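Engineer: Sharing a structure here in structure tokens format.
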Amino acid sequence: MPPPAVAAADASPATHTDSTSTSTSTSTSTSSQSSSNALDAVNARPQPPPETKESLWLRRSVILSFWAVVVLLGLPVWWRTTAIYRADLPLQGMTDWADGKSCKPVFPLRIAVEAPLSPQEAHHLLRTTQHALDDLNEFSAHHLRLMLADPPLPANASQQVVSDGIGSTRSDEDIALSIRLIPVETGTTPRSTLQPYSPTLDVYYMPNQIPSASSTGSPLATYIAQELHKIFAEEQALLASLLFSTSGVHTAKIKSLSAETAAELKRQSTRALKYAPTYHLTFSLFTPTFAPSGWDIESALQQYLTPLLESFSAISNFTVDTQVQLYATFSPSIHQPEYDEDLRSWSLRKEDLSGFINAAEWPLSPSIGKGPTVNFVLFVPDQNQSPLLVKENGGNSWLIPQWGGVFILNPPRDSDTPRILGKEALTPAFHTFSNQLLSLLGLPQTPASLPLRLSTLKRVRAASLIFSASSTLGALARLYQALPSIPVPDTVAKSVDLTTSHLQQACDHLREGRFQGALEHARTAEAAAEKAFFERSMVGQVYFPDEHKVAVYMPLLGPVAVPLVMAALKELKSIISGLRK
Amino acid sequence: MKFSTVLLPLLSVCASAEHTSNWAVLVSTSRFWFNYRHLANVLSLYRTVKRLGIPDSQIILMLPDDMACNPRNAFPGTVYNNADRALDLYGDNIEVDYRGYEVTVENFIRLMTDRVSEDMPRSKRLMTDERSNILVYMTGHGGNEFLKFQDAEEISAFDLADAFEQMWEKKRYHEMLFMIDTCQANTMYSKFYSPNILATGSSEIDQSSYSHHADSDVGVAVIDRYTYYNLEFLETQVRDPTSKLTMGELFDSYDEEKIHSHPGIRYDLFAGGEAAGRSRLVMDFFGNVQNVEVEGGVQKNETEWQEELAAIDRMILETRRRHNESLITRPQSQHVVEEATSADSKQALRKEGAVRVDGESGWAKQMVGAAALLGCAGIWAAGSWLESL
């Protein structure tokens, strides 16, 4: 084949103005006719013989087979090996959970009323009280439903119906509070007392205060409704703010949530630790000297703490460890205690308290266990720096939000620091610690009855777990869409399914008023959601922007692709021109 | 109108929540003796945040090399950040969480997103929540939108931005200060898109970051300029945890004449923009200051409390009795627990890989293997039979 460059030069002679005379181009104006004929004969390129059909087909089939290999083998292999496996996730469902569309938590509380009345009277009283209650209630998701305790017991036998408020006695019948109506003859009526260790409200009334069948309202009914409303006011506020701040869909219908209440709730939520199935409590004794070198901690824990922890067992578990650290010094960067002449004591400034814990030197927060650590520090100051108090209010204990509590135990003024702290010496410290623990765990302040507060906490925790698991699902769904480069294995899809099914069950339990079951399902849902989100293989570690991809593939595929594409184009061209002829 | 008056106090509750813990992630990304200064940078900052109150359990320190024990170190067991050698950064109480070849891009991203295996100790995890402020400090050799790790790999600005976005989605931080000292450092935070990040870097695109000075006895540069002047501010102005200096004052202390490059600050992601970012206290990121709640003297009668405890005790005994009675009627909760544990054991059995696509069933593989073996044996048998013919 002649080199195509020459042929091209031949074809466009007019542009080559300074072409040499020896050139045998068709511009023959300067050369003689006879010689040009001879030269033509010599230099004329013999045209190649027309391609045979066989060679044409051979060439085309070669090109085609190359393309076949590339398309049928190369592309699938490349696609298979570079594709990122992403399991299908129910994105819409997950987003619905996060937006609060799948579940509107409601908290129907059953309240049993025991009244030594005839059934008609009791029903009527119930109905009027329920009316008054519904009028008072501003927060529709949380409502109290009165029901008659069955069978109506005489007042003296009702001592046995002390419901514990921790575990449900019968799973289908979760009674939040029982009201005992007790007729009396003396004193101001109606009046009521809330039993501190059982969810029971005793209401004293005079028999003539029972509403007659014809009346639509009565002072007794109104009184009971108001009392109930008062008892559950804090719970309502807690749940309302939780619902509002997390889902946002419930436009709060709570007018009573004043600025102070909101601030107090905020303070509480700042203080309280996040929910965990297990908390780790660390009790540490720090002293700057050699004494005391021991404390009677085991019996103190046994007596002062165990009952409290046991009462929480339906909500969380606890592990406890203790330590004694001698020669523990203050951090050099805080202001050292100063002697205060007025108080005749050594004083710490309030703003230095957050630096009181010498985090660099004191061995706190051991990296053991699964749950978060709650620290309680008992500090016994040096004899010549005692008593050590907080300057602003003369207190000797403080709480560090979401971390724990500190108590300064000042030894008696005129005696030496005891070598071993007895149980009696530890009593004030443990009193403070247990109060601090209650507020760190988020136990509400009211009402006065502990079982009621515990069951309130149970509802609040169940709701917050549902919200947090839902929001994790939402976050996962958003990330799934936003980061197409991270792989999503099937286990994530399984965990998501587990989460949604448990969330649904938790929600159903809430609706039916079975709060213990709701808490357990919510806990499982939360664990599964965390597992799905923190799946270990979902690490988008090598993110390539598109220009990087081009830069990687060009040097690799460019040299291969150019001849393939050019040959294919050429053949196509010839086929098309052949068809045109 | 009525509606909004109800909402307003609640909205302000959500917006102005305070932080309750501080965490610091301090990363040096370069190895080898001549990068002494990068490790000194990180150790200096480690010392500072520890002095200001962040406990070791909340500091993640990543050191890719051990300068203190490097054979070239003329002062074995020590690391200095100044030619006067007044302060041994290595000291006697440092806790390195990730060291040597553990410092990789993968481990860093796993740390930030907490996608770690179950056996990872707590000290190597970033256990933050939506009330944690995080300081992220990185130093090493970088370029336009990347930072080199260990001379072997690099993290791109996109990866970093995606990791932070995942943290934000999972509510793993309240506010974050991102600080980076490397060449073309400001490009590293240019791709961030998650809220509440305050970012600052040592140099603009196409600018180098320079070292401050060398110690001729150690033989190499001991600290970088940008870090040096940050530290100068932190050490001389922020004397104790009660300091009320703001981030704005720290940023104003940057002097381009001294740093020899143009430090950048990015406010636009921060809620409240520049004003809010500048008004944050230095201690909000470099220290560990919480609002403690001081309790007064004795609030409650102690005998009353003891009676309470006794009553609780009785209550629990009662509960237990009832619980034992009603055990049979409560299969529900046990069922839930059982399901959770079975899921757990399944998880534990699963093998991990960086990119695990899908698990094949073991049986299929074994069948293929057995078939291949049988085939080979058949071919061999057929061959020997043919040969014998």
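The values are calculated or read from the model by the stated rules, or taken from the named source; none is laboratory data. In this text, all values refer to a predicted model and were calculated from it rather than measured experimentally. Glycine also receives a Cβ, built like all others from the backbone with ideal geometry; neighbour counts cover every protein chain displayed. All accessible areas refer to the heavy atoms of the entire protein, side chains included, with ligands and DNA or RNA removed. Shrake-Rupley method; radii C 1.70, N 1.55, O 1.52, S 1.80 Å.
Engineer: Taking the DSSP beta bridges in region A:340-472 as the whole, what percent of them are antiparallel, to the nearest 5?
Structural biologist: Within region A:340-472, antiparallel bridges account for around 40 percent of the total.
Engineer: Still on this structure, please answer the following. For peptide A:417-426, what's the mean number of Cβ atoms from other chains within 10 Å of each residue's Cβ?
Structural biologist: Other-chain Cβ atoms within 10 Å of each residue's Cβ, averaged: 0.
Engineer: A further question on this structure: Please list 3J(HN,Hα) in residue order for region B:221-232, calculated via the Karplus relation 6.51 cos²θ - 1.76 cosθ + 1.60 where θ = phi - 60°; whole Hz, with x for glycine and proline.
Structural biologist: 5, 9, 7, 8, 5, 4, 5, 4, 6, 4, 5, 4
Engineer: By DSSP, what percent of the beta bridges with both residues in region B:21-286 are antiparallel, rounded to the nearest 5?
Structural biologist: 35
Engineer: Let me ask another. With a cap of 16 neighbouring Cβ atoms within 10 Å, and only residues DSSP puts in a loop, list the trypsin sites (Lys or Arg not before Pro) found in region B:182-245.
Structural biologist: In loop regions of region B:182-245 (DSSP not H, G, I, E or B), the sparsely surrounded trypsin sites (Lys or Arg not before Pro) are B:Arg239, B:Lys244.
Engineer: Which of the peptides A:378-387, A:526-535 is most tightly packed, and how do the rest follow, judged by the mean count of other Cβ atoms within 10 Å per residue?
Structural biologist: Descending packing order for the listed peptides: A:526-535, A:378-387.
Engineer: What lysines sit close enough to B:Lys365 to cross-link, taking a C-alpha to C-alpha distance under 25 Å and skipping anything fewer than 8 places away on the same chain?
Structural biologist: A:Lys494, B:Lys346, B:Lys351
Engineer: Continuing with the same structure: Give me the distance in nm between label points sitting 7 Å out from Cα along the Cα-to-Cβ direction at B:His262 and A:Thr289, one decimal.
Structural biologist: Simple spin-label model gives 6.3 nm for this pair.
Engineer: Then there is this: For A:Gln325 and A:Ser574 in one chain, what is 0.36 nm times their gap in residues minus the Cα-Cα distance, to one decimal in nm? Mind showing how you got there, number by number?
Structural biologist: Numbers: separation 249, 0.36 × 249 = 89.64 nm, distance 9.21 nm.
Extra length available between A:Gln325 and A:Ser574 comes to 80.4 nm.
Engineer: Using the Cα centre as the reference, give the magnitude of the dipole from point charges on the C-beta atoms of region A:277-440 (Lys, Arg: +1; Asp, Glu: -1; all else neutral), rounded to the nearest 20 debye.
Structural biologist: Its charge dipole is roughly 340 debye.
Engineer: Using the beta-carbon distance between B:Lys171 and A:Ile84 and R0 = 25 Å, what value does 1/(1 + (r/R0)^6) give for FRET efficiency, to the nearest 0.05?
Structural biologist: Numbers: r = 26 Å, r/R0 = 1.04.
Result of the calculation: an efficiency of 0.45.
Engineer: Right, something else. Using 0.36 nm per residue, how much length does the chain from B:Glu387 to B:Ala86 gain when fully extended, once their Cα-Cα distance is taken away?
Structural biologist: 99.7 nm
Engineer: Right, here's the next one. For region A:56-158, which trypsin sites (Lys or Arg not before Pro) pass both filters: DSSP loop (anything but H, G, I, E, B) and at most 16 other C-beta atoms within 10 Å?
Structural biologist: Within region A:56-158, the qualifying trypsin sites (Lys or Arg not before Pro) (loop, at most 16 other Cβ atoms within 10 Å) are A:Lys101.
Engineer: Moving on. First measure r as the distance between the Cβ atoms of A:Met566 and B:Asn144, then evaluate 1/(1 + (r/R0)^6) with R0 = 35 Å and state the FRET efficiency to the nearest 0.05.
Structural biologist: Values: r = 36 Å, r/R0 = 1.01.
After rounding, the FRET efficiency stands at 0.50.
Engineer: Can you compute the FRET efficiency between B:Lys124 and A:His548 using 1/(1 + (r/R0)^6), with r the Cβ-Cβ distance and R0 = 30 Å? Round to the nearest 0.05. Show your work: numbers first, answer last.
Structural biologist: Working: r = 31 Å, r/R0 = 1.03.
After rounding to 0.05, the efficiency reads 0.45.
Engineer: Of A:His521, A:His131, B:His213, which has the most accessible area with a 1.4 Å probe, and how do the rest follow in descending order? Each step should come with its number before you reach the end.
Structural biologist: Numbers: A:His521 5, A:His131 120, B:His213 45 Å².
Reading off the accessible areas and sorting them downward yields A:His131, B:His213, A:His521.
Engineer: With a 1.4 Å probe and all protein chains left in place, how much accessible area per residue does region A:277-440 have, in Å²? Walk me through the intermediate numbers first.
Structural biologist: Numbers: 6480 Å² over 164 residues.
That works out to 40 Å² per residue.
Engineer: In nm, what is the difference between 0.36 nm times the number of residues separating A:Gln445 and A:Arg59 and their Cα-Cα distance?
Structural biologist: Taking 0.36 nm per residue and subtracting the Cα distance, the gain is 130.0 nm.
Engineer: Mind listing which chymotrypsin sites (Phe, Trp or Tyr not before Pro) in region A:398-480 are in a DSSP loop and have 11 or fewer other Cβ atoms within 10 Å?
Structural biologist: Loop-located and lightly packed - none at all.
Engineer: Across peptide A:394-404, how many C-beta atoms of other chains are within 10 Å of each residue C-beta, on average?
Structural biologist: 5
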